[in-house]
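The values are calculated or read from the model by the stated rules, or taken from the named source; none is laboratory data. For clarity, every value in this text was computed on a predicted model and none was experimentally measured. Heads up, the Cβs are rebuilt from the backbone with ideal geometry, glycines too, and the neighbour counts pull from every protein chain shown.
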Amino acid sequence: MTTPLSKLSPANIAIAQSSQQNISISLVIGKSQHAIKKSFIHSNTENAMRGLKEKKNSHSNECQTWLDAKLSERADKLTELRNERKEAILKRLDQIGWRAEAEMMIKDYRGDIFTSHKLVSQSRKLTDYGWNCMEAELVQMLSEYQAQRLIRQRAEALESRYRLFFGLRLQIESETDLRDPFPAAGDILTDPRIEALIWDTPFDETLDDSLCRSKLLGYLPMIINEWRHGKVQEVLEILRQSRARATGSDLHLATSASSHAHLGSQTSSRSDERFEVYFPFWFTKRPLGVWMSSTLVCNDSASQVIKEIVEACNLDPETTTVRDLHLANPLIECVSCVHNIHSGRHFMSWPYLAIQHMGHPFQVNSFGAETAQMIAREVPNRDRHAVCCSHCHKTFGPGLSLFSHLKDNHGDVVGIDTLPALGDLLEIREHWYCNPRAVEPGLYKPFLYKA
Ligand SMILES: [Zn+2]
Ligand SMILES: [Zn+2]
């Protein structure tokens with residue numbers, strides 16, 4: 001039976017107070033006095049033990065804090081002494097001209113091996129005797145470091161300068177009319193005038209981009225003239241093996257466009273240091289090479305095929321240029337490449353016939369009433385650099401982007417109203433030309449036609 005709370009005597013209520021000052025009340029109902037006393041003593045003993053433990057912990061923490069402070073103080077003192085010694089050594093190095101090198105060593109991004117050197121990283125005060133004992137060893141270390149640093153600095157400067165001029169040449173090429181031959185990267189980067197800029201500027205100087213661009217632009221007309229004159233002569237010599245009376249203007253003829261030169265190296269022509277440093281750049285990256293005619297040959301069969309195409313367009317092979325033939329854009333079918341009735345007939349623009357279907361029988365512009373349907377299947381090639389704007393020489397794919405470029409940038413020259421809405425390139429032929437550096441030849445992809 002439960003006794004109401006109001007009828008309990010004070011002895012039946014034990015109050016225990018914890019060390020955290022939290023008060024808990026336990027109501028002991030119906031216990032004997034002995035049990036209450038025992039519980040009271042036990043509770044007091046527990047409190048006393050807890051108190052002792054806390055005092056001990058607190059004392060231990062204080063000791064640890066004191067010890068940490070002392071150790072930190074000692075470490076600070078040692079660091080201070082080492083810093084004083086390092087500064088004293090730097091002052092001595094200053095007197096003999098080696099301080100700047102030591103400071104470069106300290107700031108080296110790969111790690112400061114000066115400060116951690118066994119002769120420097122000491123807490124002992126530097127004395128005259130100590131300095132005299134270490135001077136030779138420190139100077140030896142610094143001079144070795146300097147020699148390595150200069151080699152590294154020179155190599156890094158050369159690489160970044162070649163990259164800079166390569167980028168500048170690329171930038172200038174993209175703004176240049178490429179209907180006339182433009183030197184390859186190697187032809188410009190190994191020109192003595194450009195080499196002088198790259199090699200004769202102290203290697204601890206950084207070349208300024210805009211200054212280098214203006215210098216390159218200043219030298220380019222001379223470089224191009226000399227280069228072009230030499231290369232045209234080389235190519236003419238090759239062309240004259242087939243056409244004895246060929247002149248410079250013959251190089252633009254469609255019937256001469258059947259050969260390819262390549263970028264290569266000229267290991268035998270130069271063996272000086274400047275050339276040998278540049279050589280690995282283009283050895284691994286062909287676009288950095290020099291333009292060479294050594295593998296250029298006249299392909300008489302291809303020339304004959306193009307002559308037939310030109311004549312089928314009612315044009316004169318003696319005067320028709322590559323550009324004329326691109327503009328004529330004859331419709332050509334390779335008759336031998338009909339695989340089966342389902343795949344359709346093979347049509348292509350003229351460069352593809354000369355490159356990929358050499359020796360195959362073909363037909364040109366002779367497809368009667370179906371011609372319009374066939375032309376409707378023509379698809380511009382995917383090369384985003386297939387054509388160049390005649391006004392600023394920017395490159396475009398043979399699609400709408402050229403038209404919007406002309407409208408947006410050369411509207412005053414082109415006559416904005418005359419532009420077709422969904423353009424036909426042939427209608428605005430004076431405002432573009434085929435990019436001689438394009439990867440995909442011609443304006444249109446080969447296509448299959450099935451009636
Ligand atoms: Zn074929
Ligand atoms: Zn333009």
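Based on this model, can you work out whether PHE403 counts as of a type in the set (Phe, Trp, Tyr) and out of contact with any Pro (no Cβ under 8 Å at 6 or more places or on another chain)? Break it down into steps so the answer makes sense when it comes.
On the way: of a type in the set (Phe, Trp, Tyr): yes; out of contact with any Pro (no Cβ under 8 Å at 6 or more places or on another chain): no.
Criteria not met by PHE403.
In segment 379-398, which residue that is of a type outside the set (A, V, I, L, M, F, W, C) and surrounded by 18 or more Cβ atoms within 10 Å (Cβ to Cβ) is nearest to ligand 2 (Cβ to nearest atom)?
This residue is SER390.
Show the residue pairs meeting these rules: Cβ distance below 8 Å; 6+ apart or different chains; first residue within segment 360-380 and closer than 20 Å to VAL310 by Cβ and within 16 Å of ligand 1 (Cβ to nearest atom); second residue among the polar types (S, T, N, Q) and assigned to a loop (DSSP other than H, G, I, E, B).
Filtered contacts from segment 360-380: HIS360/SER336; PRO361/SER336.
Taking the stated definitions as given, is SER404 in a loop (DSSP other than H, G, I, E, B) and among the small types (Gly, Ala, Ser)?
Working: in a loop (DSSP other than H, G, I, E, B): no; among the small types (Gly, Ala, Ser): yes.
No: the conditions fail for SER404.
Looking only at helices (runs of 4 or more DSSP H) that lie completely in segment 114-223, which have at least 1 residues being on the phi > 0 side of the Ramachandran plot? Explain how you work it out, then say what you get.
Values: elements: 128-174, 185-189, 192-200.
Per the criteria, no element qualifies.
So which pairs qualify, if the first residue must be in segment 388-413 and closer than 13 Å to LEU425 by Cβ and in the same structural domain as PRO441 (by TED's automatic domain parsing), the second must be within 9 Å of ligand 2 (Cβ to nearest atom) and at pLDDT below 85, the Cβ gap must be under 6 Å, and the two must be at least 6 apart or on different chains?
Between residues of segment 388-413 that are closer than 13 Å to LEU425 by Cβ and in the same structural domain as PRO441 (by TED's automatic domain parsing) and residues that are within 9 Å of ligand 2 (Cβ to nearest atom) and at pLDDT below 85, the close pairs are PHE396/LEU402.
If you check HIS357 against the conditions, is it surrounded by 14 or more Cβ atoms within 10 Å (Cβ to Cβ) and within 15 Å of ligand 2 (Cβ to nearest atom)? Break it down into steps so the answer makes sense when it comes.
Numbers: surrounded by 14 or more Cβ atoms within 10 Å (Cβ to Cβ): yes; within 15 Å of ligand 2 (Cβ to nearest atom): no.
No: the conditions fail for HIS357.
If you go through segment 156-185, how many residues are under 19 Å from the mean Cα position of the chain (by Cα) and of a type outside the set (Phe, Trp, Tyr)? Before the answer, list the steps.
Applying the first criterion (under 19 Å from the mean Cα position of the chain (by Cα)) to segment 156-185 yields 156-174, 185.
This time we only want the ones that are of a type outside the set (Phe, Trp, Tyr), so: 156-161, 163-164, 167-174, 185.
So the count comes out to 17.
Suppose we filter PRO441, PRO398 for residues that are closer than 20 Å to ASP177 by Cβ, at pLDDT below 80, within 16 Å of ligand 1 (Cβ to nearest atom) and within 32 Å of the chain's Cα centre (by Cα); which single one remains? Show your work before the answer.
Numbers: PRO398 fails: within 16 Å of ligand 1 (Cβ to nearest atom).
Answer to the check: PRO441.
When residues of segment 303-358 are filtered for being in contact with a helix residue (DSSP H, G or I) (Cβ under 6 Å, 6 or more places away or on another chain) and either within 11 Å of ligand 1 (Cβ to nearest atom) or of a type in the set (Ser, Thr, Tyr) (or both), how many remain?
So the answer is 4.
Mind checking which pairs have a first residue in segment 423-435 that is part of a helix (DSSP H, G or I) and a second that is modelled with pLDDT of 80 or more and surrounded by 12 or more Cβ atoms within 10 Å (Cβ to Cβ), Cβ under 6 Å, 6 or more apart or different chains?
Hits for this filter: ARG429/LEU327; HIS431/SER390; HIS431/LEU406.
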